[in-house]
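Structure, as structure tokens:
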Amino acid sequence: MILFVVATAALTLFSTAVLLYVSLATGLGPWIGPMLVVLCRIGIWMTQRRHEAHTTALATIIASYGGAIATGIGFSLTTLYFVDAVTWHAWMADPLWFCALMALLVLSAGLFGVALARRIAPALLADATISFPVSAAIISAIEGAHGLAHNLFFGGGILLAGVVGIVRDGWGLVPELVPVAWLLLPSVFGSVAVFELAPVCWAAGFLAGSSIVLPLLVGMAAKYAVLMPLWQVTRDVAWGGLSLLQASDITFAFCSGLLLSGLLKSCWQSPARLWQQMRCAVATLSKNTVVVRQGVGMELLAGGTIAGICVALGMPIMAIGVFIGFLVPLLENLGNFSARTGLATYGRYMTLIMLPLLCIPGVTPLQIVVVCTLIGIAGAAVVDTLFSYKIGQHFQISEARLRWAQLAGIVLTAVMVGFLMWLLCTSFTLGQSPLVAHRGISRALLMKTFQFNGLMVLLGVIFGFILERCKVNAVMVFGGLIMPNSLIIALAIGAAWRGMTTRVEQWTLFWSGVLAGDVLWMLIGMVRGLCN
């Protein structure tokens, strides 16, 4: 039992660190569950213990909360740096306060999400048309054959990450080689920063696949096919003060319009969906009264804590009412969508909350950022809890053990995520490689839309509608517009590798090892620097 607790805590730490780093560096949030299964099975193999599917499933359920919640935080909280840098730096200057705040946010929103998922899970599990893709992938990984060859692929990935780390950082291990490597790298990779992130981007691109990476390539192409002509045209236009705009002003205004187009589309499509979801929620309540009574206490307590946080932040009563009123239907809609598709589109639901709040007088950027963070955490908890029920159903894990695992995952994440976030953001600079944090930048631009040139914003909106008409994700195209070309190319190389290989499972293990090794090396380096 002690070994299980220690191993699960270590897996949760690893899961949280990996997805925090990946979400901030690449703007992606791949599901980490299958990788956790691999780590569990390697640990079992190394300790020569008998593989038990129940034990592996429980450890994966607990640890996966860390990765999901870290992704929600990475997509939302960093916005504060770009809209209220003074408050952000004040938080970073007081790590104890920051860690306590993050723990409070995770516990309140996370437990609310767990309670909500417990209420809606019976109806979703009873629907035979819902596939729970992430649960299926985890179940397949647990039940699949796993021998020496799989371990070698995973170990090879860790070895590659270690070699890159030694050449990059040195630490006195190979002092005669490191200076030579640093001199050669810029000519080979274009910049040292590219080399630092290349293994992570290759791995993230492979795990994400071409459907995620292609919009980034469209964004990179749009820099030259759309933005550069705009920069040139405005040099000769006196009307509206366009000739006074700098290239960065045009880029930010155009990107703001691009993001606004996705927001407008969501707004006119979502009301009907939300209404239907609320009707389904009422039907679920009437059919599952026992489940509701069991979870209503935690849902009310966590919901009250969320409302208390909003009051403590000084949010207007009207804004609190809008937030609380939208919270439940939004999370139920997210849970239903994720159970069917395997996608957790946190950003879309954060934006749906952000829009009405921006229209309410007295709402500050800090309040909006905290609300978006609460949505991200609660959404992650809802999705992971629903997937855990499907896994538990398959392996016949008792309801009591599942509930214990869900709570353990939230508590462990609450303890760890604040320190890891603080460590990352004080070791690197947000908005610069490796922590590009383009999801945070995108939300900040949306909040500042009305400060930009109206014509450039309108052009961005039109371009966004064209992209949506062509079935291209405008938010990911935005990422391609602001991310360095070298990082996009590295992601594309990973996605292309996935498309060309016929041994997807084994190479998934290899690139999972690369991701694991690079993040572990980075964490060791940051802790080492902290100690020095």
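The values are calculated or read from the model by the stated rules, or taken from the named source; none is laboratory data. Source: prediction; values computed, not measured. Virtual Cβ from ideal backbone geometry, glycine too; neighbours counted across all protein chains shown.
This table checks each residue for (1) under 20 Å from Leu105 (Cα atoms); (2) crowded, with 24+ Cβ neighbours inside 10 Å; (3) in contact (Cβ under 8 Å) with a residue 40 or more places away in the chain; (4) in contact with a Gly (Cβ under 9 Å, 6 or more places away or on another chain).
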| site | (1), (2), (3), (4) |
| --- | --- |
| Ala344 | yes, yes, yes, yes |
| Pro356 | no, no, no, no |
| Ile377 | yes, yes, yes, yes |
| Ile397 | no, no, yes, no |
| Gly409 | yes, yes, yes, yes |
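Restricting Thr71, Thr55 to those that are among the polar types (S, T, N, Q), closer than 30 Å to Ser256 by Cβ and part of a helix (DSSP H, G or I) reduces the list to Thr71.
Here is a check on your reading of the model: is Ala149 of a type in the set (A, V, I, L, M), surrounded by fewer than 19 Cβ atoms within 10 Å (Cβ to Cβ) and either at pLDDT below 60 or within 30 Å of Leu459 (Cα to Cα) (or both)? Outline the logic, then answer.
On the way: of a type in the set (A, V, I, L, M): yes; surrounded by fewer than 19 Cβ atoms within 10 Å (Cβ to Cβ): yes; either at pLDDT below 60 or within 30 Å of Leu459 (Cα to Cα) (or both): no.
So Ala149 does not fit the description; no.
With respect to the conditions (1) under 23 Å from the mean Cα position of the chain (by Cα); (2) touching a residue at least 60 places away in the same chain (Cβ under 8 Å), Lys471 falls short on a single one, namely (2).
Regarding the range 226-247, can at least one residue be identified that is within 30 Å of Cys201 (Cα to Cα), modelled with pLDDT under 75 and not hydroxyl-bearing (Ser, Thr, Tyr)? There is at least one residue in the range 226-247 that is within 30 Å of Cys201 (Cα to Cα), modelled with pLDDT under 75 and not hydroxyl-bearing (Ser, Thr, Tyr). With respect to being modelled with pLDDT under 80 and either hydrophobic (A, V, I, L, M, F, W, C) or over 25 Å from Ala405 (Cα atoms) (or both), Thr341 falls outside the description. Only residues that are in contact with a Cys (Cβ under 7 Å, 6 or more places away or on another chain) and not aliphatic (A, V, I, L, M) were counted across the range 424-483, and they come to 3.
Name every residue in the range 86-123 that is of a type in the set (A, V, I, L, M, F, W, C), more than 30 Å from Phe428 (Cα to Cα) and crowded, with 20+ Cβ neighbours inside 10 Å, in order of residue number.
Going through the range 86-123, the residues of a type in the set (A, V, I, L, M, F, W, C) turn out to be 86, 88, 90-93, 96-107, 109, 111-112, 114-117, 120-121, 123.
Narrowing the set further to residues that are more than 30 Å from Phe428 (Cα to Cα) leaves 111-112, 114-117, 120-121, 123.
The answer is Leu111, Phe112, Val114, Ala115, Leu116, Ala117, Ile120, Ala121.
So, in the range 74-131, exactly how many residues are out of contact with any Pro (no Cβ under 9 Å at 6 or more places or on another chain) and not in a helix (DSSP H, G or I)? Of the residues in the range 74-131, 10 are out of contact with any Pro (no Cβ under 9 Å at 6 or more places or on another chain) and not in a helix (DSSP H, G or I). Only residues that are at positive phi and either surrounded by fewer than 24 Cβ atoms within 10 Å (Cβ to Cβ) or of a type in the set (D, E, K, R) (or both) were counted in the range 417-445, giving 1.
What about Lys448, is it surrounded by fewer than 20 Cβ atoms within 10 Å (Cβ to Cβ), farther than 30 Å from Gly162 by Cβ and in contact (Cβ under 8 Å) with a residue 60 or more places away in the chain? Considered against the rule, which asks whether it is surrounded by fewer than 20 Cβ atoms within 10 Å (Cβ to Cβ), farther than 30 Å from Gly162 by Cβ and in contact (Cβ under 8 Å) with a residue 60 or more places away in the chain, Lys448 comes out as yes.
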